[in-house]
1. Identify all residues within region 297-334 that are in contact with a Ser or Thr (Cβ under 7 Å, 6 or more places away or on another chain) and not in a helix (DSSP H, G or I); write none if there are none.
2. Could you tell me whether Y407 is surrounded by 21 or more Cβ atoms within 10 Å (Cβ to Cβ), touching a residue at least 12 places away in the same chain (Cβ under 8 Å), over 27 Å from Y460 (Cβ atoms) and in contact with an Asp or Glu (Cβ under 8 Å, 6 or more places away or on another chain)?
3. Using beta carbons and a limit of 6 Å, which pairs, at least six apart or on different chains, have the first residue in region 138-162 and touching a residue at least 60 places away in the same chain (Cβ under 8 Å) and the second one part of a helix (DSSP H, G or I) and among the small types (G, A, S)?
4. Sort out which residues of region 366-384 are closer than 19 Å to F352 by Cβ and either surrounded by fewer than 16 Cβ atoms within 10 Å (Cβ to Cβ) or not assigned by TED's automatic domain parsing to the domain that holds D334 (or both), and write them in order of number.
5. Return the only residue of S140, S127, S62 being of a type outside the set (K, R), touching an Asp or Glu at 6+ places or on another chain (Cβ under 9 Å) and modelled with pLDDT of 85 or more.
6. Could you list, in sequence order, the residues of region 92-109 that are in a helix (DSSP H, G or I) and either under 17 Å from M136 (Cβ atoms) or in contact (Cβ under 8 Å) with a residue 24 or more places away in the chain (or both)?
7. Just for region 177-191: of the residues that are of a type in the set (G, A, S) and more than 10 Å from I205 (Cα to Cα), which one is nearest to the chain's Cα centre (by Cα)?
8. Here is a list: A270, A314. Which entry is touching a Leu at 6+ places or on another chain (Cβ under 7 Å) and aliphatic (A, V, I, L, M)?
Amino acid sequence: MKKFLSAISIFTAAVTLTVSCGSTQQESGQPAEDRAEEVVSVENGVFSKEEFIARVKNMAKSGDYSGALAEYDELSGSTKKKYASDLDMFMLKAQLLQVTGRLEDAKSQVDSLLKSYPKNEELKKMSFSIRKTLFMEKLSTELEKGSDESALALYEGLDEQLKDDFSINLIKASLLVGAGKYDDAEKECDHLDSIQEGSVDVLEIRLAIMDRKGDSKNRNAMLQKIIKKDPYNAPANIALGQSSAIKKQYGSAKQYYLKALAKEPQNEDALFGLGQMEYYLENDAASERNLNKLLEINPQNSMAYSYLGKIAYANDKYLIALNYVQKALEIEPDNYDYNLDCGMYQRYMGRFSDAEKSWTKCIELQPDYFLAYVYRAGIYDEQDKLDKALEDYRMCVKLNPDYYYAYESIGVLELHNKNWKAAGEAFFEARKRNLNNISYPLLVTYCYYKLGDKKQAKKYSNDILRKMGNINSIDYKMLRVYHDENGYQNLPQQVAGISNLNDRAKMYFYIGLLYDMFGSKSAANEYYAKVLELNSPMFFEYRLAEWAVKEAPADE
């Protein structure tokens, strides 16, 4: 819409005063035999008509438009009557009225002259220009008020001379798109094609209609049509860049944004898109350069501040990141993503209370979106506010049942609460969504045993074992032992040979859990201690081992 609104500023009242002093009979309307008597009486003297016109023009050239117009006010009554329809004198007056912004008076003057000179092309052009400027000014006023509907209503009384003006109808089509009147906008595009066939501007509006209607089927064909006519067309290249970005084709998207900027170097969408792609491509300096250029053009662009914050955060500059996102929030205080990022930066700065407030605001803004619940649950969890954390994790899986990490966290906290049924159900759901983590079936089996349901423990673990391909893997052997309740004496040696520190520590935990179920608590605690000795808290079992060691009686 900005592109079309800028057209309004073109139609100002700047008019070059070019009326010739020499006249023909057709131009002046005065018979040749009367020209010797062509005198003009004004309050301060008598001039020939030519002298009067020259006097007025000289004033206008010096910028004294008001003084030039005042000369007409000082004409004697008889002179006004005599020269009322003189083309030379009063077209000049109409031009002066136009250049001083007295458009209605200029329109009246030109209309009066057209009665005497209906075929004069210069008058016709002037009449059209004045009418167009008047309409554009009214349109601009309504748009500045933010009233698209009122702006569209102006078209109902559109002057007949303007009904086939391309630029005026182009704005109308754009307004119809903004108002959601897509069928009317399509009809207006057809009208525009009848005025000027093949205009890229019209193709851009048709593209906007497709975007609003979600017509992805025809969208790409329209983009290619625009690009064929105008390879560096900014809106089309930006749209192609956005499509590539969604597909994570960041290099391709970057090239589209560069092409858009080659045509429109200060296009905000293209600058942001380029800055965003450079960020994803980890070209931080280039990203910052483009985002800062965008802020020079528009200091109120909150997205630029947001991404500058992301760059700082990626480089562990948390305070700088926080300052940037707070600037974004000054512009858009109710932006969900900005509040989410703000909380994350605050959390990494150890400002847990502030982070909690930021994420709570996100939840207030979008109570049906799960992500802020995940973040807030995590910070509650870190502060051992486990009941609150559990409540938020449960809200996560309610809002997004496929987010298996939340099921995992629920399972861990319910294990800590010794709520075996709830823990088992949570790990069961996690297993359904992630088949590759052996921890989940091991813990489901464990929970069945703790509930005293040995039959279900064996049935469930057997179902999993039958689907596992590699019977020689440590994962298979561990679950086999859980199923058989036997054979775990050889496991410690096999686990000790695991090279990956995290995998080894995890399996030590599950040996400990075996002893917890079928052996002795003291042996279990020895293996939990082995987990902690490896000092690799990159998996949730580490936390369970910590709790188990803390809860162990002193005499064990």
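The values are calculated or read from the model by the stated rules, or taken from the named source; none is laboratory data. Everything quoted here is computed from the prediction, not taken from an experiment. Virtual Cβ from ideal backbone geometry, glycine too; neighbours counted across all protein chains shown.
1. Correct list: E332 only.
2. It is false that Y407 is surrounded by 21 or more Cβ atoms within 10 Å (Cβ to Cβ), touching a residue at least 12 places away in the same chain (Cβ under 8 Å), over 27 Å from Y460 (Cβ atoms) and in contact with an Asp or Glu (Cβ under 8 Å, 6 or more places away or on another chain).
3. L139/A151; L143/A151
4. Residues of region 366-384 closer than 19 Å to F352 by Cβ: 371-384.
The answer is E382, Q383, D384.
5. When all the criteria are applied, what remains is S127.
6. Of all residues in region 92-109, those in a helix (DSSP H, G or I) come to 92-99, 103-109.
Scanning region 92-109 gives L92, K93, A94, Q95, L96, L97, Q98, V99, L103, E104, A106, K107.
7. So the residue we want is G178.
8. Working: A314 fails: touching a Leu at 6+ places or on another chain (Cβ under 7 Å).
Answer to the selection: A270.
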